[in-house]
Amino acid sequence: PVLVTLTVAALIAWGTVQVLEWKLRPVVAQLAEAQVQNTMTAVIEMAVTENLSRRDLSYGDLVSIQRDDSGAITALSTNMVQMNLIRAELTAAILEALNGVDVSSIQVPLGSLLDFEPLWARGPTLQARAMTVGTVSAEFESEFTSAGVNQTMHQIWLDVAVPMTVLLPGGELEVTVRTRLAAAETVIVGQVPNTYLSLDGALTNS
């Protein structure tokens, strides 16, 4: 009888754990993903900002504006060699930052799993681990917006994507951390040719 009782109790406990895991795992996954996104984004932004600050990058380092004798804009030329070099160095800086900072341990307070505000972010924690998968993808993109009469704001953005695998109790969660940072910008005075304005990401560097 004792053995039967222990067996039944073990089965009930196992079943209870399975039910709780089934019900709570979506919440745990959502919270873990949010923490991974926040943590990794902060690391990426810091690495890129520090690198760009050290090199004192300006708009003129990436784009040359050509005008005719009357001052009208005839072309916008990108320094693709420089952009590819900067992109490679920024990618290396991001990878180094991710490897050098302890961002692998993600803690999800159990109180956050309950719909009860006083317990939010309190109590024991569930541990999850985030691992970088593959490599960092970094692409330059261009954006033109109106900045006033006969003025155009031209911004060059760096779009970064880092694939991650988050190890959770009961399985894995695939997450791609994405962030967008301004690399350089200027206000162009004069009429920018429609050829450039009509292109979505005219300076996309792939």
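The values are calculated or read from the model by the stated rules, or taken from the named source; none is laboratory data. Since the model is a prediction, treat every value here as computed from it, not as a measurement. FYI the Cβ positions are ideal-geometry reconstructions off the backbone, even for glycines, and counts take in every protein chain you see. Please note that ligands, DNA and RNA were not included when accessible areas were found on the heavy atoms of the full protein model with its side chains. Shrake-Rupley method; radii C 1.70, N 1.55, O 1.52, S 1.80 Å.
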Taking R0 as 30 Å and r as the Cβ-Cβ distance between Ala92 and Ala10, the FRET efficiency 1/(1 + (r/R0)^6), rounded to the nearest 0.05, comes to 0.05
Under a 1.4 Å probe, counting only protein heavy atoms, Ser137 has an accessible area in Å², nearest 10, of 50 Å²
